[in-house]
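Asker: Shown below is the structure under consideration.
Rule-based calculations on the coordinates, nothing more; no lab input. The structure presented is a predicted model; accordingly, all values stated were derived computationally and were not measured. Reconstructed Cβ throughout: ideal geometry from the backbone, glycine too, with neighbour counts over all protein chains shown.
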Amino acid sequence: MASSRSLNGGSLPFSSQRLLALAQQLSHYKPPPCSLDDGEEQERIIEETVGKVVSQVGVQESVTPIAQNPENFKPKRAAVLICLFQGDAGDLRVILTKRSSRLTTHSGEVSLPGGKAEEGDKDDIETASREAKEEIGLDPSLVNIVTVLEPFLSKHLLRVVPVIGILTDKKAFKPTPNPAEVDEVFDAPLEMFIKDKNRTEEEREWMGEKYLLHFFEYETEKEKRKYIIWGLTAGVLIRAASLVYQQPPAFLEQNPKFKFPKIVDRNTVMR
């Protein structure tokens, strides 16, 4: 059975040539730089790329001017795990969670497994893997990490790093959601995040500039449970799906000129 080296030093067998090919494809991905020494050059790149980025509630940090004011912006770091596997029908699917209704923030919302970095975490891969194990019982030894995407900024300007991993043996994973954090664990087709089907949008405003917020509706086949995936989670998955399928989404992502507040503190929130 074919195998590939993961970023965290492990080696796992792949259950299909498709997963092996995907791992090899993603392993060559290099995220764009998040900072430039020349402020004018950075502004030019922002202007050129802003029409291609994801929802502002989950915007790629590489297209924001935060590096120009590091003394005013020192966000906490977090990581999420985009765990992909091959479904019974041969499609690529991603593991998602419905956050506990008892949580004080984002309760009941759909999210990727993940959370804030802890002092003992050596990197973003360890943060995402640790959080996935704590939240849904996903053993890191079952996941082959293939790449790390550029950081995203959450609604509360938290720096979130998406880590892409491949679950090589879906049957070996038995979800055990932590009831304090997760109500449900489910999966959805990754390709839906670059399709216009079952998608709606809302126009929002940030510092006088308008942007689009995307909502994807998904219903599970067996249980017929309906979920709405939006915000940061949708933004990250749009980027991941575009990368995996090597094509842009079939809809406009957003088209404002990104503006950043002069002073950022814990009360700064994208509305």
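Asker: If neighbour count is taken as other Cβ atoms inside 10 Å, put Ser242, Ser154, Ser129, Ser101 in order from fewest to most. Walk me through the numbers on the way to the answer.
Answerer: Numbers: Ser242 17, Ser154 22, Ser129 26, Ser101 9.
The fewest-first ordering by Cβ neighbours comes to Ser101, Ser242, Ser154, Ser129.
Asker: Near the amide H of Ile82, under 5 Å away, which other amide H atoms are found, from residues 5 or more places off or on another chain, if H is placed in the peptide plane?
Answerer: Val163, Ile164, Gly165
Asker: So if I restrict to the alpha-carbon atoms in the stretch 158-224, what is the Rg, and what is Dmax, the biggest pairwise distance, in Å?
Answerer: In order Rg, Dmax, the Cα atoms of the stretch 158-224 give 16.5, 49 Å.
Asker: A follow-up question, please. How far apart, in nanometres, would the label points at Ser141 and Glu191 be if each is projected 7 angstrom from Cα along the Cα-to-Cβ direction?
Answerer: If labels sit at Ser141 and Glu191, their model points lie 3.4 nm apart.
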